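Below is one structure, written out as structure tokens, with a few remarks after it.
The values are calculated or read from the model by the stated rules, or taken from the named source; none is laboratory data. Values in this document were obtained by computation on a predicted structure and should not be read as measured data. Heads up, the Cβs are rebuilt from the backbone with ideal geometry, glycines too, and the neighbour counts pull from every protein chain shown. Keep in mind that these areas ignore ligands, DNA and RNA; they rest on the heavy atoms of the full protein, side chains included. Shrake-Rupley method; radii C 1.70, N 1.55, O 1.52, S 1.80 Å.
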Amino acid sequence: MNAGTLVVGLGNPILGDDGVGWRVAESVRANLDDPDVEVLCLSLGGLALMERLAGYRRVIIVDAMDTGAAAGSLHFLSLQELDELAAQHTACVHDLSLAAALALGRELGVSLPEEIRVVGVEATTGLDFCERLSADIAAAVPGAARAVAAWLREPAGPVGTAA
């Protein structure tokens with residue numbers, strides 16, 4: 001059991017702005033001095049993502065979103081507030097949504113975090129095959145990393161249970 005905090009940057013680093021979650025996670029990792037925090041960069045969703053969250057007290061997920069706001073806008077949400085249609089990696093046509101995967105995991109007795117927060121970076125450009133972020137998205141990375149760092153300074157609650 002990990003029992004600490006997990007920061008997950010979601011996306012694909014070779015698809016332009018879709019890699020913003022990774023860039024934010026990498027920035028957080030570079031400035032991290034807390035051994036109870038793990039930072040991962042992942043390109044998965046649904047059940048596979050749920051399995052990676054098991055055993056942590058809390059999780060912060062960073063991902064690109066397309067809600068119609070200005071490119072580079074930041075969204076700060078609880079998992080309950082997250083509209084599954086706005087998340088690009090927490091749902092997949094071949095897998096369960098993250099919310100459904102978490103519900104299934106809890107039914108099966110998996111120890112999952114009760115606190116899951118989401119930092120969404122508005123990325124309205126298409127999925128360009130490149131490793132760089134557009135200017136608006138790149139400019140949003142420091143603010144998103146600061147938001148994650150601020151959440152990391154807050155005390156964590158108990159490890160989630162199947163109840």
| query | Can you tell me which residue in the range 28-83 is most open to solvent (accessible area, probe 1.4 Å), limited to those that are more than 27 Å from residue 108 (Cβ to Cβ) and assigned to a helix (DSSP H, G or I)? | reply | 29
| task | Give the residues of the range 106-131 that are over 22 Å from residue 73 (Cβ atoms) and under 18 Å from the mean Cα position of the chain (by Cα), sorted by residue number. | result | 112, 113, 114, 115
| note | Scanning the range 94-119 residue by residue, those assigned to a loop (DSSP other than H, G, I, E, B) and open to solvent by less than 70 Å² (accessible area, probe 1.4 Å) turn out to be 95, 96, 97, 109, 110, 111, 112, 113
| Index of the failed condition, residue 122 passing every other in (1) of a type in the set (D, E, K, R); (2) surrounded by 18 or more Cβ atoms within 10 Å (Cβ to Cβ); (3) under 19 Å from residue 49 (Cβ atoms) | (3)
| task | Please tell me if residue 162 is open to solvent by 40 Å² or more (accessible area, probe 1.4 Å), modelled with pLDDT of 90 or more and part of a loop (DSSP other than H, G, I, E, B). | result | no
| said: Given (1) touching a Gly at 6+ places or on another chain (Cβ under 9 Å); (2) closer than 21 Å to residue 25 by Cβ; (3) at pLDDT below 90, identify the lone condition not met by residue 76. | reply: (3)
| query | Which residue out of 104, 108, 133, 112 is under 16 Å from residue 57 (Cα atoms) and modelled with pLDDT of 90 or more? | reply | 112
| query | Among the residues of the range 1-27, which ones are open to solvent by 40 Å² or more (accessible area, probe 1.4 Å) and assigned to a helix (DSSP H, G or I)? | reply | 22, 23, 26
| query | Somewhere in the range 51-63, is a residue over 14 Å from the mean Cα position of the chain (by Cα) and modelled with pLDDT under 85? | reply | no
